[in-house]
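Novice: The structure is given below, and queries will be raised subsequently.
The values are calculated or read from the model by the stated rules, or taken from the named source; none is laboratory data. As the structure is a computational prediction, the values presented were derived from the model and not from experiment. Here Cβ is always computed from backbone atoms with ideal geometry, including for glycine, and neighbour counts include all displayed protein chains. Each accessible area value is taken on the protein alone, full model and side chains, heavy atoms only, with ligands, DNA and RNA left out. Shrake-Rupley method; radii C 1.70, N 1.55, O 1.52, S 1.80 Å.
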Amino acid sequence: VHLVPLGCHVLPDQRTEDPIDPPTSAKTTLLVVASDPERKRIGLAVDTAALLRSRGIGAELLHIGARHRLLERPFVRSLGPLRLSNPDDRAAHVAAIRAAHLSILPSSGEAFGIAPAESALVGRPAIVSDAGGLPTVVAVNMVDLAA
C-alpha cells in the first residue's frame, strides 16, 4: 500500500491503518465512492457484489454518492451523497472506508482517483480500472514467489 495524501478527504489525525477482521465467506464488504454513476460504472460494482454472492460469498456493497436505481438491491447500502464540509457526513465517510474490506473503483475515466488514496490512508486495499490516473494511485508490487 502506498500512502498518497494528495487530495484525500481524510484529516491528518485520521491517517491510521486500522485493523479489521479479514473478509470471510459470510461477510465481505466492498466500498465504491461514485459521484457520477455512469463514468464510475456503479453497475459493474453492483454486478461484482452480486457475482460474489452467487458464489456463496456474503458480499455487501457500501456506496457513497448520488442515489441511482442500479443501487436498489438488498445487498447494497447507499449512504447517499456526503458533504465533507459537514462533520457528521465526514465522520460517516471515514466510517464507511474503515468498515470496508476492499475499495473498488471501476471508472471508465478518472483524472487521479481520490477514493483509492483515501482507502490507502486507513490501510484498505483498492482495486481500480486501468483508466486515466488510477494506476498511479494504486501501485501494484509484483513479488516473485519462485525466488
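Novice: To the nearest 20 Debye, how big is the dipole of region 60-140 about its Cα centre, given +1 on the beta carbon of each Lys and Arg and -1 on that of each Asp and Glu?
Specialist: Numbers: 8 positive and 7 negative charges, 43 e Å.
Dipole size: approximately 200 debye.
Novice: Mind listing the long-range amide H neighbours of residue 77? Cut-off is under 5 Å, sequence gap 5 or more, other chains count too, H placed in the peptide plane at 1.01 Å from N.
Specialist: 61, 62, 63
Novice: Put +1 on the Cβ of each Lys and Arg and -1 on the Cβ of each Asp and Glu in region 17-77; which of 58, 26, 68 then has its Cα farthest toward the positive end of the dipole?
Specialist: 68
Novice: A further question follows. Express in nm, to one decimal, how much length is gained between residue 88 and residue 127 on full extension, taking 0.36 nm for each residue of separation and deducting their alpha carbon distance. If you can, show how the numbers build up before the last one.
Specialist: Details: separation 39, 0.36 × 39 = 14.04 nm, distance 2.72 nm.
Here the answer is 11.3 nm.
Novice: Now, a different point. Subtract the Cα-Cα distance of residue 54 and residue 112 from 0.36 nm times their separation in residues, and report this length gain in nm to one decimal.
Specialist: Numbers: separation 58, 0.36 × 58 = 20.88 nm, distance 3.23 nm.
Length gained between residue 54 and residue 112: 17.6 nm.
Novice: Another one. Fully extended, how many nm does the chain gain between residue 72 and residue 21 (0.36 nm per residue separation, minus their Cα-Cα distance)? The partial results should precede the final answer.
Specialist: Values: separation 51, 0.36 × 51 = 18.36 nm, distance 2.71 nm.
Stretched out fully, the residue 72 to residue 21 stretch lengthens by 15.7 nm.
Novice: Report residue 108's accessible area, 1.4 Å probe, all protein chains in place, as a number in Å² to the nearest 10.
Specialist: 80
Novice: So what are the radius of gyration and Dmax for the Cα set of region 28-146, in Å?
Specialist: Gyration radius and largest Cα-Cα distance of region 28-146: 14.1, 50 Å.
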